[in-house]
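This report refers to the structure that appears directly beneath it.
What follows is calculated from the coordinates using simple rules that are stated; it is not laboratory data. Bear in mind the structure is a predicted one, so any value in this text is a computation, not a measurement. Positions of Cβ are backbone-derived with ideal geometry, glycine not excepted, and every protein chain shown enters the neighbour counts.
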Amino acid sequence: MNDKIKKIANQSLQGKAIRHDDALYLMQIDGDEIYDLFYWANQIRLKYFGHTINGCSIVSARQGKCTEDCRFCSQSAYYNTGIEEFNLVDTGNILDAARCAEKAGSDSIGIVTSGYSINGDNDFDKICQSIKAIVSKTCIHPHGSFGELTREMAESLVKSGLKRINHNIETSERFFPKVCSTHTFADRLNTIRIAKEAGLEICSGAIFGIGEGIEDRIDVAFTLKKLDVDVVPLNFLHPIQGTPLDQNHSIKAMDALKIISVYRFVLPDREIKIAGGRERNLRDLQSWMFYAGASSVMIGNYLTTKGRSILEDMQMIEDLGLKLVTSCEDNKKLAGN
């Protein structure tokens with residue numbers, strides 16, 4: 001067994017921060033020693049999360065016609081991708097999606113809207129109404145991804161019952177201008193700061209396979225650590241025809257697992273969620289994501305691409321001897337206290 005990997009792992013297991021150059025070393029591990037990396041990532045996961053796994057689902061509540069030019073995104077108005085476009089759906093449809101996610105075993109439902117922000121008071125009011133409906137009529141936790149937020153918007157979302165906001169930083173500050181030109185990395189950090197100050201939990205992560213280098217992948221991990229985010233979603237590019245990245249190749253499965261493991265070393269006690277692109281990039285190694293350090297997974301479909309069958313995911317989790325924790329169970333525990 002590689003003694004250096006073990007030494008770095010013990011730092012994480014003891015709650016001590018690892019160094020940037022240690023993370024770089026881990027990200028460059030290859031050959032048989034990659035299994036040592038997975039082993040220790042799993043030990044770190046077990047310490048902080050045991051055999052429990054969180055699941056989440058999302059609903060595309062407003063789709064397409066986005067004013068931003070993120071080069072990987074099928075919803076940008078800059079690219080002709082042929083996706084279905086629609087305005088904000090009504091509260092009834094969002095509530096139905098929440099109930100389906102709850103039935104599937106998800107811990108949360110993420111309401112996702114396309115665009116730089118939620119434009120217009122009517123749309124924002126409808127979002128708040130939908131959040132209130134989910135809180136009052138289901139056990140599932142409402143989360144949201146609404147683009148840039150003002151302080152007033154964040155405070156209103158909290159009052160409506162929103163638990164967590166998703167706002168991915170996507171990539172490193174250095175590489176960000178090559179991914180998007182219509183808003184800045186600083187804009188993303190500002191929304192995260194506003195959301196945290198309003199009392200919202202933060203779900204923020206990245207997408208890999210968009211042309212970034214190893215250093216970029218590591219920089220993102222340490223940026224998220226500095227931001228003290230609660231949940232770290234890791235996405236892997238699913239190239240969409242019509243976008244500038246439609247010819248990008250998938251990340252090798254073992255490299256994707258290596259990314260998950262290094263993030264577990266850097267962020268030992270944070271929920272690491274595997275989200276978009278896992279089916280395409282991990283393929284037959286999807287179950288390995290937990291051994292590599294993941295403690296959470298997105299269940300069901302994504303925004304404009306299909307996910308894996310919910311039944312298949314449930315069977316995978318059961319076969320691994322893991323337990324999916326649901327928000328209804330959390331609420332029962334709170335009621336018992």
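Would you mind getting me the FRET efficiency between R174 and Q11? Use the beta-carbon distance for r and R0 = 35 Å, nearest 0.05. Once rounded, the FRET efficiency stands at 0.85. Cross-link partners for K273 among the aspartates and glutamates, with Cα-Cα distance under 13 Å and sequence neighbours closer than 8 places in the same chain left out: D107, D230.
Relative to the dominant Cα principal axis of the chain, helix 121-137 is inclined by about 70°. So which chymotrypsin sites (Phe, Trp or Tyr not before Pro) in segment 72-147 end up in coil per DSSP with only 10 or fewer other C-beta atoms within 10 Å? Counting only loop positions with at most 10 other Cβ atoms within 10 Å, none of the chymotrypsin sites (Phe, Trp or Tyr not before Pro) in segment 72-147 qualifies.
Summary: within the chain, the longest segment free of trypsin sites (Lys or Arg not before Pro) located in DSSP loops with at most 14 other C-beta atoms within 10 Å is 66-173.
Contact order, relative form, for segment 193-336: 19 percent (alpha carbon pairs under 8 Å, 6 or more residues apart, mean separation divided by residue count).
With 36 Å as the cut-off, how large is the P(r) tail for the chain, expressed as percent of Cα-Cα pairs? Taking all Cα-Cα pairs of the chain, the fraction more than 36 Å apart is 15 percent. Spin-label model, Q315 to N301: label points 7 Å out along the Cα-to-beta-carbon direction sit 2.2 nm apart.
When only Cα pairs below 8 angstrom with a gap of at least 6 residues are kept, the chain shows a relative contact order of 23 percent. Across segment 54-60, coupling constants 3J(HN,Hα) worked out from phi with the 6.51/-1.76/1.60 Karplus curve, θ = phi - 60°, read 9, x, 9, 10, 10, 10, 7 Hz, and Gly and Pro carry x.
When all alpha-carbon pairs of segment 168-234 are counted, what percent fall beyond 20 Å? The share of Cα pairs beyond 20 Å in segment 168-234 comes to 23 percent.
With 18 Å as the limit, the listed pairs K16/K226; K159/K226; K137/K323; K103/K196 have K159/K226; K137/K323; K103/K196 beyond it between alpha carbons.
Cα centroid separation, segment 247-284 to segment 291-306: 10 Å.
Classify segment 1-66 as rounded, prolate or oblate, taking a ≥ b ≥ c as the square roots of the eigenvalues of its Cα gyration tensor: rounded when a/c is under 1.5, otherwise prolate if a/b is larger than b/c and oblate if not. Prolate, because a/c is 1.5 or more and a/b exceeds b/c.
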